[in-house]
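Trainee: The structure is given below, and queries will be raised subsequently.
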Amino acid sequence: MTTVNEVSGPSRLAQPGEGFSAEEVQLAARNHGLPLEALRYDVTPVGLHYLLTHYDIPETEPGTHTLTIDGRVDHAVVFDLAELRRRPCATQRVTMECAGNGRALLEPRPVSQPWLVEAVGTAEWTGTPLAPLLRDAGLSPEAVDVLFTGADHGVERGVEQDYQRSLPVPEALREDVLLAYEMNGAPLLPQHGSPLRLVVPGWYGMAHVKWLHRIEVLDHAFDGYQNAVAYRVRQHPDDPGVPVTRIEPRALVQPPGFPDFMSRTRAVRPGTVPLTGRAWSGHAPVTVVEVTVDAGLSWEPATLDPAPDGPGAGTEWAWRRWRYDWVAAPGRYTLSARATDASGRTQPVEQPWNRGGFANNLVQRVEVVVLAG
Ligand SMILES: Nc1nc2c(c(=O)[nH]1)N[C@H]1C(S)=C(S)[C@@H](COP(=O)(O)O)O[C@H]1N2
Ligand SMILES: [Mo]
């Protein structure tokens, strides 16, 4: 008998020195990253925001799409988009990062979506807050998890499934969790979850379920694939692991100067080189950004811009710009920036390895050649 096991194999690590396969390149082409020069924008233009879709972008129809809220509630409800749009509306500026960001730089390399450091973007999400909807439906006292189901379907390591993720009830009841129908002031594009998605500020991307059509309140912890098997930090395949939740602090450098086409090594002219970039954390506001131009021998403090204005910008979940003036003499350099947040979390300079390559916030390394003149 043919089964879904014939279309997907187990997770694996690349052999030492094993190059990227056509399968990894295929995933990288479907799920593009943020071009790092786009770190210049406070709010990422929609087409430059990173993308991650496990299966296919499903066919959804905004005019007929519905959201069902059921399970352990007093009264199950069904909304269409027009009804959700008539409910209270809020806008949040949120930096979203894929939990697998940095994976392709790990050794050994977990074979999956091969992100370097570019799986991030910041958008203004507009929608209706989830908490009042759950309260109106009447959460049962036995409620434990809230399960979100997308309209996309696929198979992953032999498990056929709709994309589903749960949140513990206290997270689902946070006032800033949104059912979003707009991104940067326009209806969601197909690839970003049209017509409705979940936005969980501060959490890694996997929690922000796209193409959302059902919210089911459970009286137990959801043990489906994306919570119990994927998105866990584990050292061994049989290790139960720890769930991936909030975004670890990270700073990125907006690459200075101009790039080489193939290597993307940067060339800059000598003199004062204004370095800038972004820093964020899903645990607590970023308090310190430091820069090194000597591959980590010495770190100097950067200055943080004040939080930007604009709709939804006053949240702690959007990245902040940092700046540092580098007086550059001719030669080869490796630049990095490192963020620390108010919880004391910071970025490691040695890789924080785990089997899935999750929540890896190893500092970025940017190769720069300062030209003779
Ligand atoms: N339904 C559904 N939601 C999903 C996904 C998915 O494959 N299906 N991918 C998740 C992951 S892993 C990430 S990182 C974010 C990416 O959101 P974006 O593509 O809008 O940037 O969506 C999340 N929501
Ligand atoms: Mo992701």
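Trainee: Consider the range 140-155. How many of its residues are open to solvent by less than 50 Å² (accessible area, probe 1.4 Å) and more than 10 Å from ligand 1 (Cβ to nearest atom)?
Mentor: Looking only at that region, the number is 6.
Trainee: Sticking with this one: Here is a list of conditions, (1) touching a strand residue (DSSP E or B) at 6+ places or on another chain (Cβ under 9 Å); (2) more than 16 Å from ligand 1 (Cβ to nearest atom); (3) touching a residue at least 40 places away in the same chain (Cβ under 8 Å), and residue 95 meets all of them except one; can you say which number that is?
Mentor: So residue 95 meets the others, but not (2).
Trainee: Shifting gears a bit: Name the residues in the range 94-122 that are outside any loop (DSSP other than H, G, I, E, B), away from ligand 2 (no atom under 15 Å from the Cβ) and open to solvent by less than 10 Å² (accessible area, probe 1.4 Å), would you?
Mentor: 122 - this is the single residue of the range 94-122 that is outside any loop (DSSP other than H, G, I, E, B), away from ligand 2 (no atom under 15 Å from the Cβ) and open to solvent by less than 10 Å² (accessible area, probe 1.4 Å).
Trainee: Considering only residues that are part of a helix (DSSP H, G or I), open to solvent by 50 Å² or more (accessible area, probe 1.4 Å) and within 18 Å of residue 116 (Cα to Cα), which ones fall in the range 1-50?
Mentor: Of everything in the range 1-50, those that are part of a helix (DSSP H, G or I), open to solvent by 50 Å² or more (accessible area, probe 1.4 Å) and within 18 Å of residue 116 (Cα to Cα) turn out to be 22, 23, 25, 26, 27, 29, 30, 37, 48.
Trainee: Ok, one more. Within the bounds of the range 51-65, is there any residue that is open to solvent by less than 20 Å² (accessible area, probe 1.4 Å), within 13 Å of the chain's Cα centre (by Cα) and at positive phi?
Mentor: No, the range 51-65 contains no residue that is open to solvent by less than 20 Å² (accessible area, probe 1.4 Å), within 13 Å of the chain's Cα centre (by Cα) and at positive phi.
Trainee: While we're looking at this one, here's another question. Is at least one residue of the range 186-201 surrounded by fewer than 21 Cβ atoms within 10 Å (Cβ to Cβ), within 16 Å of ligand 2 (Cβ to nearest atom) and either acidic (Asp, Glu) or in the same structural domain as residue 60 (by TED's automatic domain parsing) (or both)?
Mentor: yes
Trainee: Does residue 151 count as within 25 Å of residue 320 (Cβ to Cβ) and touching a residue at least 60 places away in the same chain (Cβ under 8 Å)?
Mentor: Against the criterion (within 25 Å of residue 320 (Cβ to Cβ) and touching a residue at least 60 places away in the same chain (Cβ under 8 Å)), residue 151 does not qualify.
Trainee: Taking the range 156-185 as the search range and keeping residues that are free of Cβ contacts under 8 Å to residues at least 40 places away in the same chain and among the acidic types (Asp, Glu), which one is most open to solvent (accessible area, probe 1.4 Å)?
Mentor: So the residue we want is 162.
Trainee: I'd like the residue in the range 204-217 that is open to solvent by 10 Å² or more (accessible area, probe 1.4 Å) and more than 10 Å from ligand 1 (Cβ to nearest atom) and, out of all such residues, is farthest from the chain's Cα centre (by Cα).
Mentor: Filtering the range 204-217 for residues that are open to solvent by 10 Å² or more (accessible area, probe 1.4 Å) and more than 10 Å from ligand 1 (Cβ to nearest atom), the one farthest from the chain's Cα centre (by Cα) comes out as 216.
The values are calculated or read from the model by the stated rules, or taken from the named source; none is laboratory data. Since we're looking at a predicted model, the values are computed, not measured. Neighbour counts are summed over all protein chains in view; Cβ atoms, including those assigned to glycine, are modelled from backbone coordinates with ideal geometry. Quick note on the areas: whole protein, heavy atoms, side chains included, nothing else; ligands and nucleic acids left out. Shrake-Rupley method; radii C 1.70, N 1.55, O 1.52, S 1.80 Å.
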